[in-house]
1. To the nearest 500 deg cm²/dmol, what mean residue ellipticity at 222 nm is calculated for the chain from DSSP H runs of n ≥ 4 alone, each contributing -39,500 (n - 2.57), summed and divided by the residues?
2. Can you check what the net charge comes to around residue 289, using other residues whose Cβ is under 12 Å from the Cβ of residue 289 (Lys, Arg +1; Asp, Glu -1)?
3. Going through segment 298-385, which GluC sites (Glu not before Pro) have at most 10 other Cβ atoms within 10 Å and a DSSP loop state?
4. Taking the Cα centre as origin and putting +1 on Lys and Arg beta-carbons and -1 on Asp and Glu beta-carbons, what dipole magnitude results for segment 273-343, to the nearest 20 debye?
5. Apply the a/c threshold of 1.5 to the C-alpha gyration tensor of segment 271-385 and tell me whether it is rounded, prolate or oblate.
6. With the dipole of segment 169-309 worked out from charges on the C-beta (+1 for Lys and Arg, -1 for Asp and Glu) around the Cα centre, which of 173, 257, 242 lies farthest toward the positive end?
7. Kindly flag which residue pairs out of 202/300; 232/317; 102/169 have an alpha-carbon separation exceeding 28 Å in this structure.
8. Can you tell me which of 121-131, 313-323, 359-369 comes out highest on packing, and rank the rest after it, using the mean Cβ neighbours within 10 Å?
Amino acid sequence: MSIGSENTAIPTPSSGSQGPRIIISGGGTGGHIFPAVAIANALKKLNPATEILFVGANGRMEMEKVPAAGYKIIGLDIQGIQRKAVWRNILFPVKLIASIGKAAGIINDFKPDAAVGVGGYASGPLLYAASLKGIPTLIQEQNSYAGITNKWLSKKAKKICVAFDGMEKFFPAGKIVKTGNPVRKQSVDTVGKREEAMAQFKLSPNKKTILVTGGSLGARTLNHSLLADLDKIIAADVQLIWQTGKVYYQGIMSKLGESYHPNICILEFLNRMDLAYAAADVIISRAGAGTIAELCIVGKPVILVPSPNVAEDHQTKNAMALVQSNAALFISDTNAETKLIPAALELLRNPGQQAKLSASISKLALPSADDVIAQHVIDIIKENK
């Protein structure tokens with residue numbers, strides 16, 4: 001009997017199947033889901049006969065996003081450890097054991113040749129169950145600071161694909177391969193698009209432009225920093241592309257009005273990141289691993305304001321990896337409301353510093369991460385035969 005979630009049955013091997021069978025596990029946020037889908041697409045590009053099954057966590061974003069990308073997904077009833085509401089962890093051991101059991105059943109039915117973990121709640125039980133059954137596993141660690149689950153899983157993993165130097169602090173050095181993080185290629189294709197971008201955002205091509213992006217939900221600190229210093233941006237005759245995020249858009253628009261100032265373009269969401277990047281002279285952003293991978297390829301001067309609301313403060317560690325390579329400026333979340341916009345305006349007045357930051361961040365770009373990771377998945381399958 002196949003184990004499924006909702007109405008999804010596990011595809012079992014057919015006698016005519018010629019491609020490898022691969023499980024990709026993880027999710028929880030877009031930062032985990034997109035790399036997972038990118039790796040799946042790259043595997044299909046290597047061999048269109050490849051059969052892929054995703055395993056995620058019930059109730060999380062991947063259960064919607066992965067089917068939308070054209071792949072089957074099965075959900076585990078698993079949650080992460082709650083650091084703030086400790087009482088919610090009472091059922092965690094029970095859910096973990098049940099999820100490992102269900103993961104083992106999925107592996108028995110699907111019979112994968114390899115399992116890939118991209119982080120998120122479901123990665124742990126699935127990769128652990130796969131290692132118990134002798135299935136070769138690959139970890140894709142996106143951040144510069146590895147979480148406890150990936151450190152634990154790395155003992156049995158065949159390969160660990162990373163995006164930052166110095167990861168031997170967390171993983172066995174002989175298993176590490178620096179591949180970078182997969183990016184949305186259409187989002188970083190910015191060459192020759194500045195004129196189109198300025199028309200899209202109704203801005204002047206002759207003025208300096210700051211792009212501020214806090215992710216799809218938005219970032220409270222970035223929004224408050226802009227509200228506090230909009231007068232300074234306007235006084236400097238600098239343009240602003242301001243992505244507020246879904247949570248904050250209505251409140252900001254009710255405060256500022258629909259046509260606040262011709263230099264200020266306020267948007268809930270950026271549907272064309274390529275045009276936003278193309279328009280920008282300086283970019284202000286959070287420091288998620290996926291965003292940093294895109295910024296390295298785009299090669300524009302960047303000010304990073306890491307979110308403090310993430311596990312193990314990994315965004316600060318991601319940001320500092322760039323700062324130590326002179327590839328970005330850093331403003332802490334607590335200092336942003338007083339220091340962020342003055343720092344951005346000062347950077348715009350300093351073309352020499354802009355050029356140095358741009359050159360340094362461009363050196364860190366790894367634009368073919370999805371293809372490289374996919375090939376390593378195939379390699380661990382071959383090595384296991």
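1. Rounded to the nearest 500, it is -12500 deg cm²/dmol.
2. 0
3. Of the GluC sites (Glu not before Pro), not one in the loops of segment 298-385 has a Cβ with at most 10 other Cβ atoms within 10 Å.
4. Numbers: 4 positive and 7 negative charges, 25 e Å.
Result for segment 273-343 is approximately 120 debye, rounded to the nearest 20.
5. On the way: a/c = 2.42, a/b = 1.73, b/c = 1.39.
Prolate, because a/c is 1.5 or more and a/b exceeds b/c.
6. Going by the Cα projections, it comes out as 173.
7. In this structure, 232/317; 102/169 lie more than 28 Å apart at Cα.
8. Highest to lowest by the protection proxy: 121-131, 313-323, 359-369.
The values are calculated or read from the model by the stated rules, or taken from the named source; none is laboratory data. Keep in mind that what you see is a predicted model, and the values were worked out from it rather than measured. Counting neighbours? That spans all protein chains shown, and the Cβs are built from the backbone with ideal geometry, glycine included. Only protein heavy atoms, including side chains, enter the accessible area calculation; ligands, DNA and RNA are left aside. Shrake-Rupley method; radii C 1.70, N 1.55, O 1.52, S 1.80 Å.
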